[in-house]
Amino acid sequence: MKTNKFWSILVMLVVSVTAMVFTSCSSDDDGDGGSKDINAQEVFGTWTCTASTDKLDGQTITGYMVGQTITIKEDGKFTSTSSSIGNGTWVLDGNQITATNTSGDTFCTTLVVSGNTMKWNGTSSQGVSFNYTWKKN
């Protein structure tokens, strides 16, 4: 009896974790033009944040990331001057970047790129939702 209960709990746990992994970076088309697939060449390079809004636990922080830079490299790695983003790896799928830093934090971001401007709308595994505007250096 205890073995059956153990397996039932284990199966429920696996199903729950699987569902969270496949829905955490889902694409939402809210009509803002962000559904266009992004060519990876558009995001390579060093970018400086010019506007930012972060939300955590119902509180909004404006400007926290302004002045910080991120360098997105062709080899699937990134570096940042922001300690909250850090350094790590990234994968582009359509208009979504999923990035994991060396601390294990994951960021799921919808991108809109227009010329030398890139906008991010996303969430982190730390419970932060964010909107950032970047200018290419």
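The values are calculated or read from the model by the stated rules, or taken from the named source; none is laboratory data. Predicted model only: the values in this text are computed from it and were never measured. Please note: Cβ atoms are built from the backbone with ideal geometry, for glycine as well, and neighbour counts cover all protein chains shown. Just so you know, the surface numbers come from the protein's heavy atoms only, side chains and all, with ligands and any DNA or RNA stripped out. Shrake-Rupley method; radii C 1.70, N 1.55, O 1.52, S 1.80 Å.
Assorted remarks:
- Scanning segment 52-71 for residues that are closer than 17 Å to ASN137 by Cα and outside any strand (DSSP E or B) yields MET65, VAL66, GLY67, GLN68.
- Consider segment 91-104 and keep the residues that are open to solvent by 30 Å² or more (accessible area, probe 1.4 Å) and under 13 Å from the mean Cα position of the chain (by Cα). The one that is farthest from LYS136 (Cα to Cα) is GLY104.
- Cβ-Cβ distances below 6 Å connect the following pairs, each with a first residue in segment 55-83 that is free of Cβ contacts under 8 Å to residues at least 40 places away in the same chain, a second residue that is open to solvent by 80 Å² or more (accessible area, probe 1.4 Å), and a separation of six or more residues or different chains: GLN68/THR81.
- Note on segment 84-107: among residues that are touching a residue at least 60 places away in the same chain (Cβ under 8 Å) and in a loop (DSSP other than H, G, I, E, B), the one that is farthest from VAL128 (Cα to Cα) is GLY94.
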